[in-house]
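In what follows, a single structure is set out as structure tokens and then discussed.
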There are 2 protein chains.
Amino acid sequence: MSVSTTSIEQLTINAIRTLSMDAVQAANSGHPGTPMALAPVAYTLWSNHLNYDPNYPRWAGRDRFVLSCGHASMLIYSLLHLAGVKKADGSDELSVKIDDIKKFRQLHSPCAGHPESYEVTGVETTTGPLGQGVANSVGMAMAGEFERTRYNRPGHEVFGYDVYALCSDGDLMEGVACEAASIAGHLKLSNLCWIYDDNHITIEGDTDLAFSEDVATKFEGLGWHVVKVSDANNLGLLNAAYDSFKATEDKPTLIIVRSIIAWGAPTMANTHGAHGAPLGEAEITATKEVYGWSYDKFVVPTETTDHFAETLGDRGEAARTEWEKKFAAYEKAFPAEAKEWKQIMSGKLPTSWDADLPTFETNPKGVASRASGGQVLNAIAKSVPSMLGGSADLEPSTKTGLKFPGAGSFLADDHSGRNMHFGIREHAMASIANGLCLSGYRPFVSTFFVFSDYLRPALRLSAIMQLPVMYIFTHDSIGVGEDGPTHQPVEHLSALRAIPNVAIFRPGDANEVSQSYKAAMELTDRPSIMVLTRQNLPTLDREKYACATGTARGGYVLADCSGTPEVILMATGSELSLAVEAYEKLTADGVKARLVSMPCVELFELQDAEYKESVLPSSVAGRVAVEAGVQQSWDRYLGFRGKFVGMKGFGASAPAEELFPYFGITADKVVEAAKASIAG
Amino acid sequence: MSVSTTSIEQLTINAIRTLSMDAVQAANSGHPGTPMALAPVAYTLWSNHLNYDPNYPRWAGRDRFVLSCGHASMLIYSLLHLAGVKKADGSDELSVKIDDIKKFRQLHSPCAGHPESYEVTGVETTTGPLGQGVANSVGMAMAGEFERTRYNRPGHEVFGYDVYALCSDGDLMEGVACEAASIAGHLKLSNLCWIYDDNHITIEGDTDLAFSEDVATKFEGLGWHVVKVSDANNLGLLNAAYDSFKATEDKPTLIIVRSIIAWGAPTMANTHGAHGAPLGEAEITATKEVYGWSYDKFVVPTETTDHFAETLGDRGEAARTEWEKKFAAYEKAFPAEAKEWKQIMSGKLPTSWDADLPTFETNPKGVASRASGGQVLNAIAKSVPSMLGGSADLEPSTKTGLKFPGAGSFLADDHSGRNMHFGIREHAMASIANGLCLSGYRPFVSTFFVFSDYLRPALRLSAIMQLPVMYIFTHDSIGVGEDGPTHQPVEHLSALRAIPNVAIFRPGDANEVSQSYKAAMELTDRPSIMVLTRQNLPTLDREKYACATGTARGGYVLADCSGTPEVILMATGSELSLAVEAYEKLTADGVKARLVSMPCVELFELQDAEYKESVLPSSVAGRVAVEAGVQQSWDRYLGFRGKFVGMKGFGASAPAEELFPYFGITADKVVEAAKASIAG
């Protein structure tokens, strides 16, 4: 029995389904079942509710749509194609052409297996690793609320938008989703709507195997408004659910939609066989019969694109035009505010953003780099209105609070502040930061360095998406002291340096902290990581040693001998002053030593070969690296004759000043290693 | 006004509090507030409910107590001391002596800043990183239920125990706790009780800043029984709550206890100032007055230890004696079952455990290492009854299902199976595995390699606690193909090799898979990681090339030239066959080449210097490493002249066979690199 396609609604919905089936079949890999199930859910949202102008896909006032269940990527590619979404480059080209869909999951097609934000205009965020998309959507909703409450003025309701995220069982089972939902409920983000595809199917079989939560009750406990839609094919119920979201003004909304995976497929609907593999030609033919679909493969009836143009397109254009009129009036009435907001959205740093960058006096007692870091962060952030962020309940320790007038706090009843309180939820914090960054901001987040492990999946996505999120990790070594091995990072520097497209800074004194923040702010295509100490670091005498501006090149000669050195010492962070002491001892002993400060290995590697050779001449085999972590990421500079002074295993619980000698990280050990390396 | 200490209960509770205050003050660091608040909660549990014999702290039938909020470590040290818990070494020494407490947080004191399972008998698991303890407790509860349902027989109710975990806001905010609670609720683990310290205080201030969940409703949604205790000092309410847990037979229980942090401290109670810093001498004196405490620092009235001996001690001894009687009867009636259970608890592998270890025929088409891995896992697990585990909803892909008769599934209504279904909850899966391992089992867990990031904090704890958890990660490189960069690990091998005390195996063909599992099973003091392919790998001709038993040494010469080689090729996993091809080409070109297979860098590093030198002679500077990941962990073997063939950045979405040439990972590139390295 076939379902009639008499209505344009059904025709358009089935166009999404058939494009998805055809593309997965052509690729001979992919996930057809969820696009087939959710086509009416997404169709209803896009055609009747989403404020989105396909001709201006980067319009700042647009509603956001996130496909958190990224494996269902053909759903969004189909939507973008049918809705006629244009490329953001102003070329008037479609963001997703039918040829791109035909090459789904092939080399050089923008239609990758999972949607990639940097490949396709209209893909608001890269999704695939489960739980990330919904958590990103919380960041986007916070950005929308921040703009609405910080920049709107009475009579000028310009800013603010809604954020929709479509998610699966898998998304909701991930802990990061629960963290993100808890924050969203706490903050009463009423502009946020998650749509949960309740299909009862996972890869191992029925959700009964491992998932029997009462999702509605759980989300009510998290402070959400919950609406149920009993049938994913009932457009009336779907419209009512979206209306209910829009009418809810004090909490986020979860719409639970009962769906049938691979709906319409005669033998594969409602089976996990339809989750992650093509249906096969025979099943596709039979399914198209059920749909009453008579077109050839990859054929899109023009009625369907016309229909999207008349619904989404016309509504979006009207909304955008209206927004632009409102913004013009706003700009006239509030030129300073408008200028600031436009500056943020430009994605560029304001002129003179670094005018107040502190320099620090020589100070043998010194200052913890978390403390100088907090000072530098404040000096920059007060000139850079796009900077906002916070900590996973460790602000008094990480020193990342913005303390200047007007910074404010982002609270449940006031969304206009730049200081965010993420609670003890590192993973959601980082994923939210990705969402903030995708919304045009320069977010920073902070926790103890050892807990970078908790947010690693989101950090990897910052790197893949080339997002300049700033991660501030303090308490960066055995210098943590008494809290012991679970709180003492040892492998984390190497483990993070292994990730492509990340810049990790571990400044050696307060002036390197200042310069590291400067260099990090200038990186716009990758995340940066500040690795800072709990304990005091001497502020070096920069008359005697080279200027900290060398930080901009990642590594630089801090102190040198005359002629060719017999040994090169390399150090970062809290070990830099140990290396200075060792350098002085070696020099006093008549050894020709050079000292290289290497606050950012990745920046150093970006320098030209000549500079790198000038800092680390390949003719010098005597080398020592000093870092209170494991050796792995230093081997590249050590060669077979180099020596390493650092950690070999986990730390211990004791006062920090006892731990460094206990683990053999002292100036004397560096001297010893240097002599051994020279001897070869 | 002072609180009377007339009752022995109050005296004992105050002994916990004062020991905690004194120790933190002496250390001048630590967390006094929570032990002070929760002393009555823990006291009530230990004195009236916990089945635990202080003289036999490793008794298999004991109830487990987990302090998930590990920063409150003085609570458990005080309890262990007051309860007279003995060391497990049979020495009749106290596990925690008063002198240990006096040296709290000092070098060589077992009383570390956070409780470490390997330092102190009675600390069931290392805690500190938030959320881990509660998730571990789910694994312990699963172990208890497994024993109860698999080994008990009608009329012989021997096995099974209860598991209690004390946790904080911070624990419950972490995503891993939500994942673990969801599994526990799903599986109806009625032997599990979490006690939530609802103190309304976090480091940044009041929980209102970031945490306003209705925790009770959320947990009801997760399928838990919830009991509220309105006052942590009301022992009657606490006893009733524990009774309510014990009476609940179809779900886990959450007891929500409203407490006052640093209860009794005149100026610091109910402030976040009391969370993570000593109270100061003056406040301690004033607090002791409130408690009516007249003893000197660190003095423990003998009435309190007597009281624990008469409550916990007597009850525990009776329970253990009764258990031993029951077990003797069981052993007589069911000798095979008893033998199997004792074998598990011995922590040793059964004799002939590896009798059925498969060997694989030469096969140029070959087999994916995930598939041979599944076969090997089954061959071992059927002889090793302590092996149980499963996947984060990817068993059909990771091939880790135990398929032999009697393996069974661990389901909501049947806890006797060895196949576990963790759902899409990687982090809880790994943390649960730690709990299973701490309960005497050899758990394995599996997911895609890229998602190892999601469980990294728990894996680090396996390494710190020296737990032989087996992590099976499949889909280990760009060989994943069409799923694209978010699903393609590139940095993960190096990032995991950076963690101390972990053995990472990446076998190059099916016979190395077999030998890798064998080697991993023999490691009992660290986690092992199997890194396996999605795609087929040729099974090498082991007549022509060296035997795969070399895997036991981590790295071995697979093929060699005569005399000293000009170049050494090193490879792992899917790149081993590329390296074989390159070796053959080089040899045909007259180049003297050696090929080293390096399935486990860490095992290789454990070999003596002579063996290592024999495999990688330091005189040979021509070296090439081949691995479809980043270079970092190979630099140690490459020196300045070595070359690397592998990944430089993230992957791409396309069929796997196109991606290897696209990223330059081919035999020809290896040949090219070898010649370049020889040229120097």
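Of note:
- Enclosing the Cα atoms of region B:227-318 in their convex hull gives a volume equal to 152 cubic angstrom per residue.
- In region A:156-249, Cα pairs under 8 Å separated by at least six residues give a relative contact order of 28 percent.
- Proximity of backbone amide H atoms, modeled 1.01 Å from N, is registered between B:Leu411 and B:Ser416, B:Gly417 at under 5 Å, excluding neighbours fewer than 5 places apart on the same chain.
- In the distance distribution for region B:372-472, Cα-Cα pairs more than 23 Å apart total 18 percent.
- Rg/Rh for region A:522-680, where both radii come from Cα atoms and Rh is the Kirkwood radius: 0.95
- Surface/4 estimate of mean projected area, convex hull on alpha-carbon atoms of the protein assembly as shown, nm²: 50.5 nm²
- Amide N of region A:355-370 lying under 13 Å from the label point, which is placed 7 angstrom from the Cα of A:Glu584 along Cα→Cβ: A:363-365
- You can think of it this way: the chain between B:Asp208 and B:Asn28 has 61.9 nm of extra reach, that is 0.36 nm per residue less the Cα-Cα gap.
- All Cα-Cα separations within region A:167-296 were binned at 10 Å from zero, giving a P(r) of 12, 35, 31, 17, 5, each value a whole percent of the pairs.
- Normalised per residue, the volume of the convex hull around the Cα set of chain A (Å³): 164 Å³
- Net charge over other residues, Cβ less than 13 angstrom from the Cβ of A:Asp356 (K, R count +1; D, E count -1): +1
- Of the GluC sites (Glu not before Pro) found in region B:309-416, the ones in coil according to DSSP and having at most 15 other Cβ atoms within 10 Å of their Cβ are B:Glu361.
- Once backbone amide H atoms are built at 1.01 Å from N, A:Tyr295 has no partners under 5 Å, excluding neighbours fewer than 5 places away on the same chain.
- Of B:Val567, A:Val226, the sequence from fewest to most neighbouring Cβ atoms within 10 angstrom is A:Val226, B:Val567.
- Considered as an equivalent ellipsoid built on the Cα gyration tensor, region A:74-197 has semi-axes of 29, 21, 10 Å, the largest given first.
- 5 angstrom amide H check on A:Leu558, placed H, neighbours 5+ away: A:Leu595, A:Val596, A:Ser597
- A cut-off under 15 angstrom between Cβ atoms defines the neighbours of A:Ser614, and their net charge, with Lys, Arg +1 and Asp, Glu -1, is -2.
- Environment charge at A:Pro40 (Cβ cut-off 10 Å; Lys +1, Arg +1, Asp -1, Glu -1): -1
- Looking at region A:234-297, the chymotrypsin sites (Phe, Trp or Tyr not before Pro) that sit in a DSSP loop and have at most 14 other Cβ atoms within 10 Å of their own Cβ are A:Tyr295.
- For region A:363-538, DSSP calls about 10 percent of its internal beta bridges antiparallel.
- Of all DSSP beta bridges confined to chain A, the antiparallel ones make up roughly 15%.
- Ranked from shortest, the separations from the 7 Å Cα-to-Cβ label point of A:Asp250 to its equivalents in the other copies are 3.5 nm.
- Stokes-Einstein diffusion coefficient of region B:363-538, Kirkwood radius over Cα pairs, 25 °C, 0.890 mPa s, in µm²/s: 155 µm²/s
- Percentage relative contact order, region B:5-319, counting C-alpha pairs under 8 Å, at least six apart: 26 percent
- Spatially, region B:456-485 and region A:202-266 are offset by 32 Å when compared through their Cα centroids.
- Each other copy places its own label point for B:Ala676 at 3.3 nm from this one, sorted shortest first, where the point lies 7 Å along the Cα-to-beta carbon line.
- In terms of distances greater than 21 angstrom between alpha carbons, the cross-link table entries B:Lys342/B:Lys399; B:Lys382/B:Lys403; A:Lys592/A:Lys669; A:Lys348/A:Lys382 yield B:Lys342/B:Lys399.
- For the protein assembly as shown, share of DSSP beta bridges that run antiparallel, in % to the nearest 5: 15 percent
- Computed over chain B: relative contact order in percent, which uses C-alpha pairs under 8 Å that are six or more apart: 12 percent
- Residues A:Lys103, A:Lys288 arranged by fewest to most Cβ contacts within 10 Å: A:Lys103, A:Lys288
- By the Cβ distance rule of under 4.7 Å, chain A has these cysteines without a partner: A:Cys69, A:Cys111, A:Cys167, A:Cys193, A:Cys437, A:Cys547, A:Cys561, A:Cys600.
- Span-like helix ranges in chain A, DSSP H, alpha carbon extent 20 angstrom or more, Kyte mean at least -1.0: A:8-27, A:33-48, A:132-151
- Sorted from greatest to least, the principal axis extents spanned by the alpha carbons of region B:5-319 come out as 58, 49, 38 Å.
- Sequentially through region A:539-545, phi angles give Karplus couplings (6.51, -1.76, 1.60; θ = phi - 60°) of 8, 5, 7, 7, 6, 7, 10 Hz, Gly and Pro residues having no value and appearing as x.
- Inter-centroid distance (Cα atoms) of region A:306-356 relative to region B:288-313, Å: 68 Å
- Theoretical FRET efficiency, 1/(1+(r/R0)^6), r = Cβ-Cβ of A:Thr564 and A:Glu249, R0 56 Å, to 0.05: 0.20
- Equivalent ellipsoid of region A:52-139: semi-axes from √(5λ) of the C-alpha gyration tensor, largest first, are 19, 17, 10 Å.
- Label-point gap, in nm, between B:Thr359 and A:Asp413 - each point 7 angstrom along Cα→Cβ: 7.6 nm
- The ellipsoid that matches the Cα gyration tensor of region A:417-483 has semi-axes, each √(5λ) in whole angstrom, of 22, 13, 10, with the longest given first.
- Among residues of chain B, the one whose beta-carbon sits closest to the B-to-A rotation axis is listed with its distance in Å as B:Gly175, 1.
Readers should treat all values here as calculations from the given coordinates under stated rules, not as data from a laboratory. Everything quoted here is computed from the prediction, not taken from an experiment. Every residue, glycine as well, gets a Cβ built from its backbone with ideal geometry; the counts of neighbours run over all protein chains shown.
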